[in-house]
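The values are calculated or read from the model by the stated rules, or taken from the named source; none is laboratory data. All of these numbers come straight from a predicted model, not from anything done at the bench. Here the Cβ positions follow ideal geometry from the backbone for every residue, glycine too, while neighbour counts run over all protein chains shown. Please note that ligands, DNA and RNA were not included when accessible areas were found on the heavy atoms of the full protein model with its side chains. Shrake-Rupley method; radii C 1.70, N 1.55, O 1.52, S 1.80 Å.
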Amino acid sequence: MFDREYPVDVSLVIPLYNEAESLVELHDRIRQTMLQASYRYEIIFVDDGSTDDSWSVIERLRAEHSEVRALRFARNYGKSPGLQCGFARARGRVVCTLDADLQDQPEELPAMCRMITEEGYDLVSGWKKKRYDPVLSKNLPSKLFNATARRVSGIRNLHDFNCGLKAYRHEVVKSIELYNDMHRYIPYLAKNAGFSRITERAVLHTKRKYGVSKFGWDRYFHGYLDLLTLWFTSRFGRKPMHFFGLWGSLVFLVGFVALIVVLVTKFVALTRGIAAPLVTDRVYFYIALTAMVIGTQLFCAGFLGELLSRQNSHRNDYNIREELG
């Protein structure tokens, strides 16, 4: 059950962009669901620079309902900045997210909240087991994306990393930072922050009722790059020399050994009076030199990374779950 340590039981963070038609219905369904569950709650709308009447609708909702809070970006920044700003303002014991297009069902939230408060999970992610999206443009790419994310993150029990319907323990959203398009990998970020009790719940997914999707094909390419970035920073963000220094040393060593082989071959040929081409005429000589140069550059990159890392004021900030004494 909820305690009274927090101002509200549940904070709902809803990023949106040009969703004016759905906001009133979404609010009414959330309100009915929260009241039936007897939750103290707040709704934080994050208008991501909408060009339609979304903000006007939000202003009317705010005037009529005290639980509504909102912020408006000066321009379109993206979903991750919207969630980050919403998380910073969330006051609930449990923080929930859902999209504003009515494809996510607010009625699913009480069960997900109970999994946090009663079963002890840190994060509960929705799983759109049956999706009502185009097969070629969304369903198949999503399956490939999720399979890759499971492999890289090591979170094997999630089928849908990018589902907008999620519930979090308060401490989780205060311990992660979202930027670029990292909202796709919030479970991975939570795991890296030390929150390992992550699970999923199958949720109902419906067809979009109003408007059109705001995401294009470029999200898959950007998502792939963000996943690589997250993997690298989670493993080597505090120790870049362990990556660049290792590979730089190996590449330099291979090039150096190859160069020695080329020079020794030439020397043996000369001592035996055997005609041999000039060292500079052999392609292996240039391959060896290139490998040595690349190895040196990688090593220097690791060294510079260590210098930059040491200048980071948050270098020794660690997520402490409990402390006694």
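Taking the criterion of being out of contact with any Ser or Thr (no Cβ under 7 Å at 6 or more places or on another chain) and open to solvent by 30 Å² or more (accessible area, probe 1.4 Å), the residues of region 9-36 that qualify are Glu21, Val24, Glu25, Asp28, Arg29, Arg31, Gln32, Leu35, Gln36. Just one of the numbered conditions (1) without any contact (Cβ under 8 Å) to a residue 40 or more places away in the chain; (2) within 20 Å of Pro110 (Cα to Cα) is not true of Gly92: (1). Selection of region 282-313 for residues being crowded, with 16+ Cβ neighbours inside 10 Å, more than 25 Å from the chain's Cα centre (by Cα) and not hydrophobic (A, V, I, L, M, F, W, C) yields only Gly295. In the list Arg72, Arg62, which residue meets the criterion of being more than 25 Å from Asn162 (Cβ to Cβ), open to solvent by 20 Å² or more (accessible area, probe 1.4 Å) and without any contact (Cβ under 8 Å) to a residue 40 or more places away in the chain? Matching residue, one of Arg72, Arg62: Arg62.
Condition check ((1) crowded, with 20+ Cβ neighbours inside 10 Å; (2) in contact with a Ser or Thr (Cβ under 7 Å, 6 or more places away or on another chain); (3) part of a loop (DSSP other than H, G, I, E, B); (4) among the hydroxyl-bearing types (Ser, Thr, Tyr)) across all residues:
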| site | (1), (2), (3), (4) |
| --- | --- |
| Leu140 | no, no, no, no |
| Ala147 | no, no, no, no |
| His159 | no, no, yes, no |
| Gly164 | yes, yes, yes, no |
| Ile176 | yes, no, yes, no |
| Leu189 | yes, no, no, no |
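Answer yes or no as to whether Asp48 is open to solvent by less than 70 Å² (accessible area, probe 1.4 Å) and more than 28 Å from Tyr77 (Cβ to Cβ). Answer is no for this residue.
Looking across region 219-276, just one residue is farther than 30 Å from Asn146 by Cβ, in contact with a Lys or Arg (Cβ under 8 Å, 6 or more places away or on another chain) and at pLDDT 75 or above, and that is Val262.
Among the residues of region 72-113, those identified as among the charged types (D, E, K, R), assigned to a helix (DSSP H, G or I) and more than 16 Å from the chain's Cα centre (by Cα) are Arg89, Glu107, Glu108. Pairs linking a residue in region 287-307 that is over 18 Å from Leu263 (Cβ atoms) and small (Gly, Ala, Ser) to a residue that is open to solvent by less than 70 Å² (accessible area, probe 1.4 Å) and not in a helix (DSSP H, G or I), with Cβ atoms under 7 Å and 6 or more positions apart or on different chains, are Gly302/Pro240; Gly305/Pro240. Within region 245-268, the set of residues being of a type outside the set (Val, Ile, Thr), open to solvent by 50 Å² or more (accessible area, probe 1.4 Å) and under 14 Å from Met292 (Cα atoms) comprises Leu246, Trp247, Ser249, Leu250, Phe252, Leu253, Phe256. Taking the criterion of being among the small types (Gly, Ala, Ser) and in a helix (DSSP H, G or I), the residues of region 4-41 that qualify are Ala20, Ser22.
Quick check: is even one residue across region 57-65 among the hydrophobic types (A, V, I, L, M, F, W, C), in contact with a strand residue (DSSP E or B) (Cβ under 9 Å, 6 or more places away or on another chain) and in a strand (DSSP E or B)? No, region 57-65 has no match at all. Does region 198-211 hold any residues that are over 17 Å from the mean Cα position of the chain (by Cα) and either under 18 Å from Glu119 (Cα atoms) or in a loop (DSSP other than H, G, I, E, B) (or both), and which are they? Selection gives Arg201, Ala202, Val203, Leu204, Thr206, Lys207, Arg208, Lys209, Tyr210, Gly211.
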